[in-house]
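Below: the structure, in structure tokens.
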Amino acid sequence: MADGRSTGPLRDGAHVVILGGGPGGVACALTLQRASLEAGRSFNVTVLEGKEFVGERHHNQCVGVLSPPLNEVLETELGIPFPRHLVRAEIEEYVLHAWRTSVALRGEGVTSSAVRRVLFDSFMIEQARERGVAVVTARAEDVEFHADGVVIYSEAGPIEADVVVGAFGMDPGGAAIFERSTAYRPPRALASVVTKYHPGEDAMREFGPRIHAFLPRHPRLEFGGATPKGNHITVNIAGVSVDSALMQEFLRLPEVRRVLPALDRAGTLDEGDLRCFKGRFPVSLARGWYGDRYVMIGDAAGLVRPFKGKGVTSAVETGIRAAKTMLREGVSKTAFHDHYRADNRDLTEDIPFGQAMRLMVIVLARMGWFDPILTASEAEPKLHEALFDAVSGNRPYRRVWRNGLSPRSLGAILHAFLRHARRLSA
């Protein structure tokens, strides 16, 4: 290990190793690479990724909805075109389903893009390769910290670096590496199960460019969703402990059956349909998510909106922010604390509001009390806006609470609850 490596701003010849080749890791790598070219400096950037996205050999268990401002961030911050050719559906509407009531939610001029995550990840990592980032197909096995640098042990051999970036999402192997040698502890997480099926062209046209979100009265289900993806529909559920059997229960719920076309028709399903894949996503901030010569981004740091993740957008934004801190301020714990943490205040300060929203929704949905809120939203614009922002992740939860608790919203909710109570007692 060379002597005298600084924990200040990255110098010429500095080596950054990024563990994870998803959108966040690639965004961090491209920011560093672009800065080195623009400033006439020379950095070595290596991305370690154990999966092979090219050829769809491996997959990411993610619904794959790209939310604003991702298209603008890719083009202005990273200098790469937004991959319009990968978009399977432009989402203009969310339909929120409670026990007996549904409401269509639209945001003025707000459109998200549904993609197949494996194809988007493949696109991103190829952009990195084309711009000179070294991409190594191997998994990290351990990390060793020294005063003058870091050693990353991988399946491809040891790599010496000035700093290591954790972009491994919710991978338990990646987390364990840092838990052994740092104060890092991964965020709390919900389990998710994802499946898909092909209902046919006519059914897909009928389904339309909208995402259906469900708040079922089930003790183990927090929410479910159905997202169009061109020729198929992706279905996901989430909760503390969900599994394939629970997915089958979800698919049998009456409110789900009314939405999902052709699910009961024999002979319409592809041979790969209704296979389940399991994943996790964070609902809290990680502990020790930065330190001397290491920093976490995206899901690994818990830097997402805790109830409606916008995970891809947050990963890209936090990857860029981490790179800028390393370039301008350094790779010490102090630099990350004073600058990277501050740059992510929009996410960290919103987490308590999102956690409170999650708890409220769980209680109301399981008691069957969310129906009058949906009914009230059809007559009160502020409440409608609050529900849209909560489901789409379009705005911070602080604003969702402000709109949802406005005097007009509360009045509409109270009126709807009184009518609901009278119907139940009649």
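Are any of the residues in region 162-185 closer than 17 Å to residue 295 by Cα, among the polar types (S, T, N, Q) and surrounded by fewer than 23 Cβ atoms within 10 Å (Cβ to Cβ)?
Yes: region 162-185 contains one or more residues that are closer than 17 Å to residue 295 by Cα, among the polar types (S, T, N, Q) and surrounded by fewer than 23 Cβ atoms within 10 Å (Cβ to Cβ).
Can you tell me which residue in region 375-391 is surrounded by the most Cβ atoms within 10 Å (Cβ to Cβ), limited to those that are touching a strand residue (DSSP E or B) at 6+ places or on another chain (Cβ under 8 Å) and closer than 17 Å to residue 222 by Cβ?
Among residues in region 375-391 that are touching a strand residue (DSSP E or B) at 6+ places or on another chain (Cβ under 8 Å) and closer than 17 Å to residue 222 by Cβ, the one surrounded by the most Cβ atoms within 10 Å (Cβ to Cβ) is 387.
For a quick check of your reading: which strands (runs of 3 or more DSSP E) sit entirely within region 151-207 and have at least 3 residues that are of a type in the set (Val, Ile, Thr) and in the same structural domain as residue 329 (by TED's automatic domain parsing)?
Filter on region 151-207 gives 163-166.
Has region 87-95 got at least one residue that is modelled with pLDDT under 95, over 23 Å from the mean Cα position of the chain (by Cα) and not polar (S, T, N, Q)?
No, that holds for no residue.
Right, residue 335: in contact (Cβ under 8 Å) with a residue 12 or more places away in the chain, more than 22 Å from residue 284 (Cα to Cα) and loosely packed, with under 14 Cβ neighbours inside 10 Å or not?
no
For the list (1) touching a helix residue (DSSP H, G or I) at 6+ places or on another chain (Cβ under 8 Å); (2) surrounded by fewer than 24 Cβ atoms within 10 Å (Cβ to Cβ), I need the number of the one condition that residue 359 fails.
The one condition residue 359 does not meet is (1).
When you check residue 26 against the structure, is it outside any strand (DSSP E or B) and either of a type in the set (Val, Ile, Thr) or in the same structural domain as residue 385 (by TED's automatic domain parsing) (or both), yes or no?
yes
Of the conditions (1) in contact (Cβ under 8 Å) with a residue 40 or more places away in the chain; (2) assigned to a helix (DSSP H, G or I), residue 369 satisfies every one except a single condition; which number is it?
With (1) in contact (Cβ under 8 Å) with a residue 40 or more places away in the chain; (2) assigned to a helix (DSSP H, G or I) applied to residue 369, the lone miss is (2).
In region 252-262, what count of residues is obtained for those that are within 16 Å of residue 196 (Cβ to Cβ) and either outside the structural domain of residue 203 (by TED's automatic domain parsing) or in contact with a strand residue (DSSP E or B) (Cβ under 7 Å, 6 or more places away or on another chain) (or both)?
3
For region 375-407, give me the residue count where each residue is assigned to a loop (DSSP other than H, G, I, E, B), within 20 Å of residue 211 (Cβ to Cβ) and touching a His at 6+ places or on another chain (Cβ under 9 Å).
1
Go through region 15-40 and give me each residue that's over 21 Å from residue 317 (Cβ atoms) and at pLDDT below 95.
37, 39, 40
From 173, 109, which residue is over 30 Å from residue 254 (Cβ atoms), without any contact (Cβ under 8 Å) to a residue 24 or more places away in the chain and of a type outside the set (Ser, Thr, Tyr)?
The match here is 109.
Determine if region 336-345 includes at least one residue that is more than 24 Å from the chain's Cα centre (by Cα), at pLDDT 95 or above, not polar (S, T, N, Q) and not assigned by TED's automatic domain parsing to the domain that holds residue 128.
Looking through region 336-345, none of the residues is more than 24 Å from the chain's Cα centre (by Cα), at pLDDT 95 or above, not polar (S, T, N, Q) and not assigned by TED's automatic domain parsing to the domain that holds residue 128.
The values are calculated or read from the model by the stated rules, or taken from the named source; none is laboratory data. In this text, all values refer to a predicted model and were calculated from it rather than measured experimentally. Every residue, glycine among them, receives a Cβ derived from its backbone with ideal geometry; neighbour counts consider all protein chains shown.
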